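A short worksheet on the structure shown next.
The values are calculated or read from the model by the stated rules, or taken from the named source; none is laboratory data. Just so it is clear, the structure is predicted and the values come from calculations on it, not from any experiment. Cβ atoms come from the backbone with ideal geometry, glycine included; neighbour counts cover every protein chain shown.
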Amino acid sequence: MYVPFAMGVLEAVRWRKRTLFAFEATGIAVGLYLLYAIAARPLVAELVGGHIVYDSPHFYLVPVMVLYLAATCVSGFCSSHGFVRLFGVLSLCRSLRRMSFMSERSSRSSASLRRS
């Protein structure tokens, strides 16, 4: 929620500000949904490979992640400031790397369960 808001405050171009407002609204909707998911179901945290991995059993995982990445990373692409666009690119790359780590972890967990 904060990232598109902060980018909107920096922005001087009117149409870009309106576009960032749409990303902010998306971020608020996703944030409220995730808040509900955490309040309704337990959140589990575990240490995997030196990282804290949170397992939140909410529905619509792929659409929620796409909207979250749009609000926090892709919104930076709309900025007229080069450093904000760079932030968006680096944030998206880092998020995609994190997601690849999670998919590797998931496939390893599935393989170990099949062997048992």
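Filter region 29-58 for residues that are within 26 Å of Ser79 (Cβ to Cβ) and in contact with a Phe, Trp or Tyr (Cβ under 9 Å, 6 or more places away or on another chain) and give the result. Break it down stepwise before answering.
Looking only at region 29-58, we keep the residues that are within 26 Å of Ser79 (Cβ to Cβ), and these are 29-34.
Scanning region 29-58 gives Val30, Gly31, Tyr33, Leu34.
For region 18-35, check the following and say yes or no: at least one residue is polar (S, T, N, Q), over 17 Å from the mean Cα position of the chain (by Cα) and modelled with pLDDT of 85 or more.
Our first condition is that a residue be polar (S, T, N, Q); within region 18-35, this holds for 19, 26.
Those left that are additionally over 17 Å from the mean Cα position of the chain (by Cα): 19.
Now drop any that are not modelled with pLDDT of 85 or more, which leaves 19.
Taking every residue of region 18-35 in turn, at least one turns out to be polar (S, T, N, Q), over 17 Å from the mean Cα position of the chain (by Cα) and modelled with pLDDT of 85 or more.
Looking at region 41-70, which of the residues that are small (Gly, Ala, Ser) and in contact with a helix residue (DSSP H, G or I) (Cβ under 8 Å, 6 or more places away or on another chain) is modelled with the lowest pLDDT?
As a first pass, look at region 41-70 and keep what is small (Gly, Ala, Ser): 45, 49-50, 56, 70.
Those still in the list that are in contact with a helix residue (DSSP H, G or I) (Cβ under 8 Å, 6 or more places away or on another chain) too: 49, 56, 70.
Numbers: Gly49: 82, Ser56: 72, Ala70: 90.
Among those residues, the one meeting the criterion is Ser56.
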